[in-house]
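Asks: This structure is in structure tokens; I'll ask about it shortly.
The values are calculated or read from the model by the stated rules, or taken from the named source; none is laboratory data. Computed from a prediction, not measured in an experiment: that's the story for all the values here. When we count neighbours, we look across all protein chains shown, and the Cβ atoms used for this are built from the backbone with ideal geometry, even at glycine. Just so you know, the surface numbers come from the protein's heavy atoms only, side chains and all, with ligands and any DNA or RNA stripped out. Shrake-Rupley method; radii C 1.70, N 1.55, O 1.52, S 1.80 Å.
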Amino acid sequence: MENNLLTAFENNGISLLVSAVFLGILYFLAKKRVGFGTRVLLALGFGLGAGLVFNNFQLETEGVGTIGSIYINFIRMIVIPLVFVLVINSIISITNLNYLKKLSIKTIGWFLGTTGIAAIIGLLVATAMNPGAGFQAAPPADFEAREIPSFFQVILDQMPSNPINDAAQGKVVPILIFALFIAIAIVKIGGKKPEAVQPVRAFIGSATEIMHQVVKFVLRFTPYGVYALIAVMAAKYGWETLEPLAMLILVSYVALAIHFVFVFGGLVSLVAKVNPLKFFKKAYPTVAVAFTTRSSFATLPINLEVITKRLRVSPKIASFVAPLGASMNFNGCGGIWPAVVSVFVAEVYGVTLSLTDYVLIVIVSVISSIGVAGVPGPASISTTVVLTAIGLPLEGIALVVAVEAVIDMGRTAVNATGTTVTALLVANSEGEFDRESFNRGDEDELELNPA
């Protein structure tokens, strides 16, 4: 009878041994109280270097991948209960429903507005650099186009029907909406009979404190999870896979960088009136975790910590904006990426895009971005909707799947940073931003070192 344990270690022994060394270094640095952001950056570098070595020597990385999968599973474990209690807790602290309406309009307005700008940037950069020029490739034989949901089906899929079942399936948006109903009901009843909802308020407050502690436990694994995720990705793709689509990767990252620096930096400096360099330095942990995990929901816990403890935004605003942003703020995935892919596919298949097509790309990108889930991968659905809207061949998606994971790291970093920027903008407009503390450089410890 085959010994599965022995076989696993025989096949993965070298990669696990190398990884154990790097993970040991990361743990040692944590014990020495080296900053969380620094350890995440080192984990990224360690993972990239190890992964390229694994790829070069064709080493098995299933064992290393399991470490990354465990980390992602821990994140998924806390997302549903975290979103549920945070949304309720943030709203029940708002006794004025008109204020809640104003907060929602500002938040969603910034989300959709910046996504529209992102789509325009994607179009301009892709048109100028023309990533599809001279590119010739046939769709993979095993490629299967995803089923294209209608716009109304996308909306319907986000509506809660059975909250327990939605939670079991990991559907965050329906849980968020369900939490909104409960929170508004608590506020409504509390205005007339405060004693009737006091036990629920106390329970939600206690649950929020407990979830914050659970989040701290889970986030301490972040550098180790980051190492494993990056190592497996580098081992899978290597340099050879990326070369044929190098121009598409370059165009995507140029567009993402322009949006990150000029749009986010401009909003932070011109609207919030804060130093953008100081902002980006404080927001770095969010960017690093988003880049490596490729998931807006996986980044949510650390983003909440960064927004409140480093950017000095009130927990009331942070706990409202951050969960909502993880569900519908997709500047990178829903704005830049569909626009870049549309121009790329049009060039590859010899289709000339008109001004009307460009306008339609921007509009459809904004609308379809609302239905993109904050987990790795589903940006392809948003792109499919855009390609369908302007009549481009869906087979074009097969041409970019080989490098999408690499580009998705940058897309997710932009998504998560956009949520951080929006939290600052909304908090600044509502007097919930401690500007003096921010300018002094006050920061609470993120408590992400091992005990």
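Asks: Would you kindly calculate the translational diffusion coefficient of the range 1-128, applying Stokes-Einstein with the Kirkwood radius from alpha carbon pairs, for 10 °C and a viscosity of 1.306 mPa s, and quote it in µm² s⁻¹ without decimals?
Replies: Value of D from the Cα-based Kirkwood radius: 81 µm²/s.
Asks: Can you compute the helix-only [θ] at 222 nm over the chain? Use -39500 (n - 2.57) per DSSP H run of at least 4 residues, normalise by all residues, nearest 500 deg cm²/dmol. Mind showing how you got there, number by number?
Replies: Numbers: 19 runs with 326 residues, N = 451.
So the helix-based figure for the chain works out to -24500 deg cm²/dmol.
Asks: Taking the Cα atoms of the range 76-127, what is the range of coordinates along each of the three principal axes, in descending order and whole Å?
Replies: Its Cα atoms span 47, 34, 7 Å along the three principal axes.
Asks: Moving to a separate point now. So what is the accessible area of the chain per residue, in Å², with the probe set to 1.4 Å?
Replies: Working: 19800 Å² over 451 residues.
Normalised by residue count, the accessible surface of the chain is 44 Å².
Asks: Rounded to whole Å, give me the distance from the Cα center of the range 197-250 to that of the range 47-121.
Replies: Rounded to whole Å, the Cα centres lie 7 Å apart.
Asks: Moving on. Can you list the equivalent-ellipsoid semi-axes of the chain, largest first and in whole Å, using the square root of 5 times each Cα gyration tensor eigenvalue?
Replies: Equivalent ellipsoid of the chain: 34, 29, 22 Å, largest first.
Asks: What ranking do 218-229, 33-44, 109-120 get when scored by the average of other Cβ atoms within 10 Å per residue, highest first?
Replies: 218-229, 109-120, 33-44
Asks: Give me the distance in nm between label points sitting 7 Å out from Cα along the Cα-to-Cβ direction at Ile25 and Val53, one decimal.
Replies: For the pair Ile25/Val53, the computed spacing is 0.9 nm.
Asks: Please work out whether the range 275-325 counts as rounded, prolate or oblate from its C-alpha gyration tensor, where a ≥ b ≥ c are the square roots of the eigenvalues and a/c under 1.5 means rounded, while otherwise a/b larger than b/c means prolate and anything else oblate?
Replies: It is oblate, given that a/c is not under 1.5 and a/b is not larger than b/c.
Asks: Assign one of three labels to the range 178-271, namely rounded, prolate or oblate, based on the Cα gyration tensor with a ≥ b ≥ c the square roots of its eigenvalues; rounded applies when a/c is under 1.5, prolate when it is not and a/b is larger than b/c, and oblate otherwise.
Replies: prolate
Asks: Let me ask another. Using a probe of 1.4 angstrom, how much of the accessible area of the chain is carbon and sulfur, in percent?
Replies: Using a 1.4 Å probe with all protein chains present, the chain comes out at 65 percent carbon and sulfur.
Asks: OK, next. Ordering Leu250, Leu52, Leu399 by accessible area with a probe of 1.4 Å, largest first, what comes out?
Replies: Leu250, Leu52, Leu399
Asks: Could you give the size of the charge dipole of the chain about its Cα centre, using +1 on the Cβ of each K and R and -1 on the Cβ of each D and E, expressed in debye and rounded to the nearest 20?
Replies: Details: 29 positive and 28 negative charges, 380 e Å.
For the chain, the charge dipole is close to 1820 debye.
Asks: With every protein chain left in place, what is the accessible area of Asp166 in Å² (1.4 Å probe, nearest 10)?
Replies: So the heavy atoms of Asp166 present about 10 Å² to solvent.
Asks: May I ask you to work out the translational diffusion coefficient for the range 296-343 at 37 °C, viscosity 0.692 mPa s, via Stokes-Einstein with Rh from the Kirkwood sum over Cα pairs, reported in whole µm²/s?
Replies: 279
Asks: Is the shape of the range 235-324 best called rounded, prolate or oblate, per the rule: a/c under 1.5 gives rounded, else a/b larger than b/c gives prolate, else oblate, with a ≥ b ≥ c the square roots of the Cα gyration tensor eigenvalues? Write down the numbers at each step before the final one.
Replies: On the way: a/c = 2.88, a/b = 1.63, b/c = 1.77.
Oblate.
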